[in-house]
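Engineer: Here you go, one structure.
The values are calculated or read from the model by the stated rules, or taken from the named source; none is laboratory data. Worth saying up front: this structure is predicted, and the values here are computed from it rather than measured. Note that each Cβ is placed from the backbone with ideal geometry, even for glycine, and that neighbours are counted across all protein chains shown.
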Amino acid sequence: MTFPTSSDQRPAASGAVASDPMLADAAPSAGDAGRLARGVDGHQSEWKRRWRRFRAYPPAVPALAFIILLVITAILAPVIAPHEPLDNNLRLRGDGPSSGYWLGNDANGRDMLSRLLYGTRIALLVGIGATTIAVTIGVLVGASSGYFGGWVDLVLSRLVDSLMAFPTIALLLVLAAVLSPSIPLVVLIIGFSVWASYARVVRAEVLSLKQRDFVLAAEASGATSWRIIVRHIIPNVVGVVIVLWSLAVGGVIIYESALSFLGLGVQPPNPSWGRMLADGRDYIREYPHIMIAPGIFITVTVLAFNLLGEGLRDAFDPRGRR
Amino acid sequence: MLRYLVIRLLQGILVLFLISILTFGLLKAAPGSPVDLLVGTARVTQEARDNLTAKWGLDRPVHEQYLTWIGNVLQGDFGESISRSGTPVTQVIAEAIPYTLALNVMAITLAIAIAIPLGILAAYRRNSVLDYVTTATSTLGVAVPNYWIGILGIILFASILGWLPTYGASNGWRSYVLPVAVLAFEEMAALIRVTRGATLEALSSDHVQTARAKGLREKVVMTRHVVRNAMLPIVTVLGYRIAFILSGTIVIETVFSFPGIGRLFSNSLFSLDYQVVQALVLLLATIVVIGNLLTDLTYALIDPRIRIS
């Protein structure tokens, strides 16, 4: 149930990709993305270096492989799943694992494995969708706040403070109770609830970038705000954003599962993992096996995204220490 | 310092004010009228309904309702609970607070007592077996949904072994064991990571090298130079985690039917008792704002660089 702590959100990549201030005038696009644009050679070696640093964190590649497997499962769920996820088979109510039903059946006799495989779709849709919304809002708000300062910063920062003062689960529960959500709405609700901490990180990152020589040099040479934001600021926060994004997906998947578990997220009969745990909860005496597999699916998926995030942090921020 | 304090205090009040508007507006947009709840299944005339609507002020414009509500709140009057008709909201909440307080104080104390020494030790013996086991456990702990651990605990210790009650708070200390353990585990996982990171950071700093170079005993280096410097980020993170801790308590109290403010919050939401929900949101936000303020102040007292911005 934990979101990355503030130490996890330590601003990452800016300092990592040392941009030569002397080049700032000659080549306006300082920073890594600028260097990439300059030549194929630079491109390859930079990304090779990142890949090497990513691989140097042992769990990173298995985590990436697992996530790719999840994506394939989500896409091919109808092909892979041995049974229909919504088919009740009352003769099989609460049966344990068997040769035809590897993970047993739930209290309605539905095949657990098929429901879990279909559940991958909801977990990834909500996890990736909501995180992308949250990070996008976070970047827009954080960058405007940090770059423009003044009253823009004042207003946006109070908004961020207010959201941060809401315990996330409380906000999610209130929103879900008010909106009685469908799956796309769950994505929106979570996305719009958890962006504040990303805005804070991006704001801090932009504030420090603004002081850097290459930005000052661009300002001095008369570049417009727009040009500075697009050519100098954004390329330099890309690394931070990628890391934030990957570290956030796991937390969002847990939020969705908790919300569905409490009965306010994804509604039945949709096979959300959290929802499956909620369904099984009424039968923990009779059919305790229902409570095992969905929890393992959630944990391993969240773990994979967190480890991917750690690997990406190494790749984009060599200062990060483990 | 005084200027800083005043600014932060004003910001905190502004934040609470914004939250009160946000919550009030959200709950007004919710489906289902409180009148339905008050009436229940009884058959009443439209006139009676109108009377109730008027009595609760629901016929007036929303901004007027808000101003009345916030005016009363500022005088310490949160109105009456809708689902427990006639009981003041403050009383409903006051009854629940001791449970949540006891639960979280125990959980946080336990988490700190285990996580901080373990995190420091793991950093000190970097890449040892202890370090790997600790890091792996805390990495796993961050990824496990807390409510799932709670239910597995119920299945094992209550349902199968019969040692502990399955829910509620009516069995003395036994009722606290599982919810405290689950909340503590979750907090521990996060704290270990922070402590280990902060200690590693401190260990690699120049002044620690100097301390070692001038021949200080390892014990003195650790206690005086490493742990002391590592404590600042740890305390800060703990302070900023209050919102996460409150999120955790909402879920866990609901899972264990534990009669604190977390369960009160979800129950009130399910029973459309928005009077209680509004009050609880304000209470939770106030706790977070005060907690963050105290954390900022601690930080500012210790580190003068913060005060400037």
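Engineer: Pick from the stretch B:38-66 the residues that are closer than 17 Å to residue B:21 by Cα and surrounded by 13 or more Cβ atoms within 10 Å (Cβ to Cβ): which of them is modelled with the lowest pLDDT?
Structural biologist: B:58
Engineer: In addition: Out of everything in the stretch B:2-34 that is of a type in the set (Phe, Trp, Tyr) and more than 18 Å from residue A:173 (Cβ to Cβ), what residue ends up being nearest to the chain's Cα centre (by Cα)? Break it down stepwise before answering.
Structural biologist: Start the filter on the stretch B:2-34 by keeping residues that are of a type in the set (Phe, Trp, Tyr), which leaves B:4, B:17, B:24.
Imposing the further condition that a residue be more than 18 Å from residue A:173 (Cβ to Cβ) reduces the set to B:4, B:17.
On the way: B:4: 26, B:17: 20 Å.
Filtering first and then ranking leaves B:17.
Engineer: I would also like to ask the following. Here are B:183, B:140, B:130, B:161: which of them is within 11 Å of chain A (Cβ to nearest Cβ), surrounded by fewer than 17 Cβ atoms within 10 Å (Cβ to Cβ) and of a type in the set (A, V, I, L, M)? Full working, then the answer.
Structural biologist: Numbers: B:183 fails: surrounded by fewer than 17 Cβ atoms within 10 Å (Cβ to Cβ); B:130 fails: within 11 Å of chain A (Cβ to nearest Cβ); B:161 fails: within 11 Å of chain A (Cβ to nearest Cβ).
Testing whether each residue is within 11 Å of chain A (Cβ to nearest Cβ), surrounded by fewer than 17 Cβ atoms within 10 Å (Cβ to Cβ) and of a type in the set (A, V, I, L, M) leaves just B:140.
Engineer: Then there's this: Of the numbered conditions (1) of a type in the set (Gly, Ala, Ser); (2) assigned to a helix (DSSP H, G or I); (3) modelled with pLDDT under 85, residue B:150 satisfies every one except a single condition; which is it?
Structural biologist: (3)
Engineer: Next up: Residue pairs, Cβ under 6 Å, 6 or more apart or interchain, first in the stretch B:270-283 and within 10 Å of chain A (Cβ to nearest Cβ), second among the aromatic types (Phe, Trp, Tyr) and surrounded by 23 or more Cβ atoms within 10 Å (Cβ to Cβ). List them.
Structural biologist: B:280/B:265
Engineer: How about the stretch B:226-246: which of its residues are at pLDDT below 85 and of a type in the set (Gly, Ala, Ser)?
Structural biologist: Across the stretch B:226-246, the qualifying residues are B:230, B:239.
Engineer: Quick one: is residue B:251 surrounded by fewer than 17 Cβ atoms within 10 Å (Cβ to Cβ) and either modelled with pLDDT under 85 or under 23 Å from residue B:145 (Cα atoms) (or both)?
Structural biologist: Numbers: surrounded by fewer than 17 Cβ atoms within 10 Å (Cβ to Cβ): no; either modelled with pLDDT under 85 or under 23 Å from residue B:145 (Cα atoms) (or both): yes.
Spelling it out, it is not the case that residue B:251 is surrounded by fewer than 17 Cβ atoms within 10 Å (Cβ to Cβ) and either modelled with pLDDT under 85 or under 23 Å from residue B:145 (Cα atoms) (or both).
Engineer: Suppose we filter the stretch A:271-322 for residues that are hydroxyl-bearing (Ser, Thr, Tyr) and closer than 17 Å to residue B:142 by Cβ; how many remain? Working first, answer last.
Structural biologist: Of all residues in the stretch A:271-322, those hydroxyl-bearing (Ser, Thr, Tyr) come to A:272, A:283, A:287, A:299, A:301.
When the remaining residues are screened for being closer than 17 Å to residue B:142 by Cβ, the result is A:299, A:301.
Summing the residues that are hydroxyl-bearing (Ser, Thr, Tyr) and closer than 17 Å to residue B:142 by Cβ in the stretch A:271-322 gives 2.
Engineer: Taking helices (runs of 4 or more DSSP H) that do not extend beyond the stretch A:133-209, which have at least 3 residues that are within 11 Å of chain B (Cβ to nearest Cβ), crowded, with 17+ Cβ neighbours inside 10 Å and among the hydrophobic types (A, V, I, L, M, F, W, C)? Reasoning before the result, please.
Structural biologist: Details: elements: A:150-165, A:168-179, A:183-193.
The helices (runs of 4 or more DSSP H) meeting that bar are A:150-165, A:168-179.
Engineer: Which helices (runs of 4 or more DSSP H) sit wholly inside the stretch B:178-280 and have at least 3 residues that are more than 23 Å from the chain's Cα centre (by Cα) and farther than 30 Å from residue B:27 by Cβ?
Structural biologist: On the way: elements: B:206-213, B:228-240, B:242-255, B:261-270.
The qualifying helices (runs of 4 or more DSSP H) are B:206-213, B:228-240.
Engineer: Now, a different point. Only one residue in A:280, A:311 is part of a helix (DSSP H, G or I), more than 30 Å from residue A:218 (Cβ to Cβ), small (Gly, Ala, Ser) and more than 9 Å from every other protein chain (Cβ to nearest Cβ). Which one?
Structural biologist: Result: A:311 is the single residue among A:280, A:311 that is part of a helix (DSSP H, G or I), more than 30 Å from residue A:218 (Cβ to Cβ), small (Gly, Ala, Ser) and more than 9 Å from every other protein chain (Cβ to nearest Cβ).
Engineer: Can you tell which of A:214, A:261 is over 29 Å from residue A:302 (Cα atoms), in contact with a helix residue (DSSP H, G or I) (Cβ under 7 Å, 6 or more places away or on another chain), crowded, with 21+ Cβ neighbours inside 10 Å and aromatic (Phe, Trp, Tyr)? Working first, answer last.
Structural biologist: Values: A:261 fails: over 29 Å from residue A:302 (Cα atoms).
Only one candidate qualifies: A:214.
Engineer: Same structure, new question: Cβ-Cβ distance below 6 Å, separation of 6 or more or different chains: which pairs start in the stretch B:219-238 with a residue that is within 12 Å of chain A (Cβ to nearest Cβ) and end on one that is in a helix (DSSP H, G or I) and modelled with pLDDT under 80?
Structural biologist: B:236/B:299
Engineer: Across the stretch A:268-296, what is the total count of residues that are surrounded by fewer than 19 Cβ atoms within 10 Å (Cβ to Cβ) and at pLDDT 90 or above?
Structural biologist: Residues that pass the stated criteria total 1.
Engineer: Looking at residue B:264, is it closer than 24 Å to residue B:170 by Cβ, out of contact with any Phe, Trp or Tyr (no Cβ under 9 Å at 6 or more places or on another chain), modelled with pLDDT of 90 or more and surrounded by 22 or more Cβ atoms within 10 Å (Cβ to Cβ)?
Structural biologist: Details: closer than 24 Å to residue B:170 by Cβ: yes; out of contact with any Phe, Trp or Tyr (no Cβ under 9 Å at 6 or more places or on another chain): yes; modelled with pLDDT of 90 or more: yes; surrounded by 22 or more Cβ atoms within 10 Å (Cβ to Cβ): yes.
So residue B:264 passes the test.
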